[in-house]
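**Q** A single structure is presented below for examination.
Where a number appears in this text, it was derived from the coordinates with a stated rule and is not lab data. What you see is a predicted model; the values in this text were computed from it and never measured. Every residue, glycine among them, receives a Cβ derived from its backbone with ideal geometry; neighbour counts consider all protein chains shown.
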Amino acid sequence: MFRKILIIIMVLMMILFSAASAVAAEGVITSTKSHILMDYSTGIIVSEENSKLSLDVAGITKVMTLLIIFEEIEKGSLKLDENITISKKAASMGGTQVFLRANKSYRAEDLIRSIIIASANDSSFALAERISGSHESFVDKMNDKAKKLGLVQTVFTNATGLPCESQKTCAYDMAITARELLKHELFFAYSDVYMDEFSHPDGEYTEMVNANKLIRFYDGADGVATGSSKEAGYCLVATTKKGMSRYIYVSFGSKNSSERFDDAKNILDYGFNNFKTKRIVKENQIVKKDVDIDEAEVKSINLYASKEANILIMNGEEQKISTRIELIEPLSAPIVKGQKCGELIIESEGEVVEKVDIVAGRDVAKKSYRIALMKILNAWVFK
């Protein structure tokens, strides 16, 4: 009887384990506490394991720090060429740093570059003070942004990732944050640099080496951040692009740096070898020409895609994808530029994958019957 109960328990455990690992990369075993591989274009998760487990965050905190920095640049409230005076507190951060001199001024662009390449804690703290007036206010901004992104396992207490018991996040949340960061093209101006020098006002230099070894050794790798601490283990947020496909990979809790990058290579290989990103339509691409508009001054107009649409498909399954257009009927003037006139529907084996609004490319005025009458008279008189 006991033997039968034991067998039942073992079978149930196997079923539960199988279910929990169902979306982990097939045939790939990692040493991480948690990981996620997300397709950048669609947000589809290709592989994950414990991706929503709350863990210590370490230096990959700077993904959020950088996101806020680039948002400030985009808003115009932070200029790349402005000089920032370094406080004593910023200069004393410790950990990974470029050894900023207190009370000396540095260009904002150089500080940003040092965060991306060298994960500089002192530069992170200095920019936090510049953007929000104080480091504490900047941390509030980080947490506000986390809420706006819908991050449910994330709490920030500093902008650097230096150990703090209450600072937590998860692989899924960091992938979402990285996806937002990668929307800023300026980030890529610095992100694939492996070695560089950081210059100080006194003429001395600090050598910067990117701790993300994928930048040097994995084809297509071009960002984003590493981190490690006794509490967090070795962590990584990485992005890699090959052809149309770009992935975001996040891992927590590797035992050492080598395992961290070996696991990353294996999971990224799995993604690139088994899936591809296919572009269906570009933003502002014409999707239907010469569409008739009732009661309009013009005979017809072209309709455009309101946004870019990409899909993730398994290799060899391109033939399963189809598209169709559904127009709003009837389409009648007046119509304003950008007005929705229908949808481009993307399907896989008959199931809807995504819908893209298709919109008018120009204003269309309602037909003036006075003008129409004049045209008829002119045609009759000069016939």
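**Q** What is the list of residues in the stretch 243-258 whose amide nitrogen lies under 20 Å from a point 7 angstrom out from the Cα of S348, following Cα to Cβ?
**A** Counting only backbone N, you get 243-249.
**Q** Here's a follow-up. Could you give the angle, 0 to 90 degrees to the nearest 10, between helix 62-75's Cα long axis and the longest principal axis of the Cα atoms of the chain?
**A** 40
**Q** Okay, moving on. As I understand it, the value is the acute angle between the Cα axis of helix 108-118 and the longest principal axis of the Cα atoms of the chain; what does it come to in degrees, rounded to 10?
**A** Long axis of 108-118 versus the principal axis of the chain: about 60 degrees.
**Q** Let me ask something else. Whole Å is fine, so just give me how far the alpha carbon centre of the stretch 63-89 lies from that of the stretch 323-354.
**A** Each part reduced to its Cα centre gives a spacing of 41 Å.
**Q** Angle, helix 257-274 long axis vs. longest principal axis of the chain, Cα atoms, 0 to 90°, nearest 10?
**A** Orientation of helix 257-274: about 20 degrees from the principal axis.
**Q** Given 5 Å bins starting at zero, what is the percent of C-alpha pairs of the stretch 180-256 in each, up to the one with the largest pair distance?
**A** With 5 Å bins starting at 0, P(r) equals 3, 13, 21, 21, 18, 13, 7, 3, 1.
**Q** Residues with amide H under 5 Å of L182's amide H, sequence separation 5 or more or different chain, H placed in the peptide plane at 1.01 Å from N; which?
**A** Amide H to amide H, under 5 Å and 5 or more residues apart or across chains, L182 pairs with nothing.
**Q** Which number do you get for Rg(Cα) / (2.2 N^0.38 Å) in the stretch 207-313? Let's see the in-between values first.
**A** Working: Rg = 21.8 Å, N = 107, 2.2 N^0.38 = 13.0 Å.
Relative to the 2.2 N^0.38 Å estimate, the stretch 207-313 comes out at 1.68.
**Q** Okay, next question. How big, in percent, is the set of alpha carbon pairs in the stretch 232-382 lying more than 18 Å apart?
**A** 70
**Q** So which of K307/K340; K148/K230; K62/K213 end up more than 19 Å apart, counting from Cα to Cα?
**A** Beyond 19 Å between Cα atoms: K148/K230.
**Q** Any idea what the relative contact order of the chain is, in percent, if you count C-alpha pairs under 8 Å spaced at least 6 apart?
**A** It rounds to 15 percent for the chain.
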